[in-house]
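These notes concern the structure reproduced below.
None of the figures in this text is laboratory data; all of them are computed from the coordinates on show. Just so you know, these numbers come straight off a predicted model, no measurement behind them. Positions of Cβ are backbone-derived with ideal geometry, glycine not excepted, and every protein chain shown enters the neighbour counts.
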Amino acid sequence: MLDDVLSSRPTRTLPILHKEWSTCTKCNLGERRITVDGHFVFGEGVTRSIMLIGEGPGVDEEKLGRPFIGKSGTFLRNVLQRLGMNDYYLSNLVSCRSCQPASDAEGKPIIRTNWETKLPEQVFKDEPPNPVQYGACSPRLYEEIYLVDPIVIVGLGQRPCEALLKRSVTIKALRGEATQIEVPGRGYQAVLTEKRREWRRAVKGITVQPVERFQVLYHFIPTFHPAFITRILRDGGDNEKKLFQQFVADLRKALKTYETYLEMVFGKVPMQHEIDDDRMFNDLQRDDT
Ligand code: SF4
């Protein structure tokens, strides 16, 4: 009976999912999005590769409707490019911007002139989405993960890691610790792709595979949010370089998992990535100034 129901469902695709959620007002972030005429921000990138999941869109993403295109997003894309990571998919815990009106030291709202319209506008400060908001958005994210079918997922920052691991975490302690997460197939029977079946055979025991009906296990690597690293680079401090190196090491770990998959399944020999961390650190610091 259930099989009949499932087999009669129309084929699900990322564009269908995108369209279905683009007018969503399941939480108050959607109501705000409509009020300010902002964009719903869906994920983008290469499927069946490395999926990076952040908190949510910021001011630039809300304006243009694309993930990770603001300052910290550009920084992340730069780091990925320098690491030789060309196959990746970017998405967020929530698809609408989460923010609060910014106020000055006296508690008065901050107003500035919009550089485009030249009109005064209130400044909003990004804030992490709360559990009610990301809970409302989780069916979209789960189905997006299922349709993207990533080989490895990287959680960027505390909120995405807590939401996906379903427990509270301290990101500084947890980062870099490769684990697995269980994600529902959003009501669709979890099936392995042919390629992933080969992957399972090749590396039994440490692989992505369905654990039970409607649930899929994914490799997961937690790390810092790029906004945290860009702030650290801007403000400096004793640990600045160490935190940057940890962030890069976590991304390298994800790349290694993906390259292992490509080698085992497609026989693709990993490229030699001769990137000097010190040089990358200096270059990115320079980019930031
Ligand atoms: S954040 Fe997600 S659940 Fe909330 S309104 Fe936007 S799309 Fe809907």
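Tabulated data
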quantity: Members of the range 219-274 that are over 24 Å from Thr47 (Cβ atoms), touching a helix residue (DSSP H, G or I) at 6+ places or on another chain (Cβ under 6 Å) and part of a loop (DSSP other than H, G, I, E, B); calculated: Phe224
quantity: Candidates Leu141, Leu164, Leu147 - the one that is in contact (Cβ under 8 Å) with a residue 24 or more places away in the chain, under 18 Å from Glu44 (Cβ atoms), part of a helix (DSSP H, G or I) and away from the ligand (no atom under 15 Å from the Cβ); calculated: Leu147
quantity: All positions within the range 220-268 that are without any contact (Cβ under 8 Å) to a residue 24 or more places away in the chain and acidic (Asp, Glu); calculated: Asp235, Asp238, Glu240, Glu259, Glu263
quantity: Filter result (among the hydroxyl-bearing types (Ser, Thr, Tyr), surrounded by fewer than 21 Cβ atoms within 10 Å (Cβ to Cβ) and closer than 28 Å to Lys19 by Cβ) within the range 135-178; calculated: Ser138, Tyr142
quantity: Matching residues in the range 65-119 - criterion: being of a type in the set (D, E, K, R), within 18 Å of the chain's Cα centre (by Cα) and away from the ligand (no atom under 16 Å from the Cβ); calculated: Lys71, Arg77, Asp87
quantity: Any pair with Cβ under 9 angstrom, 6 or more apart, that starts in the range 96-118 at a residue that is in contact (Cβ under 8 Å) with a residue 24 or more places away in the chain and ends at one that is in a loop (DSSP other than H, G, I, E, B) and away from the ligand (no atom under 16 Å from the Cβ); calculated: Pro101/Ile110; Pro101/Val123
quantity: Within the range 26-47, tally of residues that are of a type in the set (A, V, I, L, M), closer than 27 Å to Val154 by Cα and more than 12 Å from the ligand (Cβ to nearest atom); calculated: 1
quantity: Helices (runs of 4 or more DSSP H) wholly inside the range 1-109 containing at least 2 residues that are under 30 Å from Thr257 (Cα atoms); calculated: 14-21, 71-82
quantity: Failed criterion for Glu62 (all others in (1) over 20 Å from Arg234 (Cβ atoms); (2) away from the ligand (no atom under 16 Å from the Cβ); (3) surrounded by 16 or more Cβ atoms within 10 Å (Cβ to Cβ) hold); calculated: (2)
